[in-house]
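Here the structure comes first, spelled out in structure tokens, and everything after it is commentary.
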Amino acid sequence: MTDLRDVTLRDGLQLTGKPLPTARKVAVIRELLDAGVPSIEIGSMARPDLVPPLADTLDVIRSLEPGELARCWVWVATPRHVERAADAGAVNFQYCLSASDAHNQANLGRSTEDSLAAMPRAVAAAAAAGGRIQLCVATSFTCPFTGAVPEERVLAIARDPRAEGAGDIVLCDTLGQAVPAQVTSLVRRVETETPARRIVYHGHDTWGLGVANTLAAIAAGASEVDGALGGLGGCPFAPGASGNAATEDLLFAMRPSWLTPSSFARIVRLSGDLLDELGEPNRSRAAQGARTSATAFPWATGEAASCR
């Protein structure tokens, strides 16, 4: 059974114009967890001056209980990031680097090789904290600076012995430019040609294929997929990247065992309220559909559509 991780509070907030108070982030996390969402990405250890909406990540971590943190992930890019997040209480770390060296330089200020060279120390730091770590490969399909990324490049990173210790590999369509056939091919090759790990797919909806690509990843063997409420998201260091695949759309398509019409309605309402607070448009088609007055359909909320 493939399940969903909501990344609203990390990827989703990176390009928002309005900050979200720490207390509100914590409330959103608890609402999502209580609704049944299995896991959440709650922030980033990126430099606060470069990604201001995520500057309070350590405060968010400190505000959560251990049982909640067991279901929460934090974006990291260095061993020191892992150590600082772990000191605050985090136990799940997504160690990110880019398949494209040009994007790694723009995003992290170092080469992909340097990021890989540092990963064993990040793995050790996560283990010392009793936590888990993922290998997250951004720009697994295309790079905004150099174009198409060969599959062999991603496979080489996945096979690199310095990435041993990562329980998952996250394949990211950072720009949302992949098509289902490409997603199917890469997921299958990673599954069959690299060390055994859970595969997570992280898709964006820039070209309107966020849901289609995610379903292709699931059919090819992905164990988990990422989405953001209302399709929020984008990378400040990847020109042309837009929002993630919408959590609501993915849930409606996937129908995980924990999802019910009432929990879906609850997530739709949370998403609408949050996007209104941020002054952001709601790009979820499922959220729009759920507000139909045709309530004979069990997934309809019966609430009139707003201008969100």
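Laid out as a table, the results:
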quantity	calculated
Estimated vicinal HN-Hα couplings, Hz - region 114-131 in sequence order (Karplus 6.51, -1.76, 1.60; Gly, Pro = x)	5, 5, 5, 4, 8, 5, x, 5, 5, 4, 5, 5, 5, 5, 4, 8, x, x
Helical contribution to [θ] at 222 nm, DSSP H n ≥ 4, -39,500 (n - 2.57), averaged over the chain, rounded to 500	-12000 deg cm²/dmol
Stretch in the chain that is longest and holds no GluC sites (Glu not before Pro) that DSSP places in a loop and that have at most 16 other beta carbons within 10 Å	1-163
Between helix 261-278 and the chain: long-axis angle, C-alpha atoms, 0 to 90°, nearest 10	80 degrees
Glu31/Gln105 FRET efficiency (R0 41 Å; Cβ-Cβ; nearest 0.05)	0.65
Between 0 and 90°, nearest 10: helix 22-35 axis offset from the chain longest Cα axis	70 degrees
DSSP bridge pairs, the chain: antiparallel proportion in percent, nearest 5	10 percent
For region 3-290, size of Cβ-based charge dipole, Lys and Arg +1, Asp and Glu -1, in debye	160 debye
Note, ³J(HN,Hα) from phi for region 81-96, Karplus 6.51, -1.76, 1.60, rounded to Hz, x at Gly and Pro	4, 4, 4, 5, 5, 5, 4, 7, x, 5, 10, 10, 10, 9, 7, 10
Part-to-part distance (alpha-carbon centres) for region 15-35 and region 85-124, which is given in Å	25 Å
In Hz, Karplus ³J(HN,Hα) per residue of region 133-150 (6.51, -1.76, 1.60; θ = phi - 60°; x = Gly, Pro)	9, 10, 9, 9, 10, 6, 6, 6, 10, 9, 10, x, 9, 10, x, 4, 9, x
Long-range HN-HN contacts of Phe141 with modeled amide H, under 5 Å	Thr174
Structure-derived P(r) over Cα pairs in 20 Å bins from 0, in percent: which label, when the choices are (i) 36, 59, 5; (ii) 32, 54, 14, 1; (iii) 33, 59, 8	(i)
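No value in this document is a laboratory result; all are computed from the given coordinates. Bear in mind the structure is a predicted one, so any value in this text is a computation, not a measurement. For neighbour counting, all protein chains shown are included, and Cβ atoms are generated from backbone atoms with ideal geometry for every residue, glycine included.
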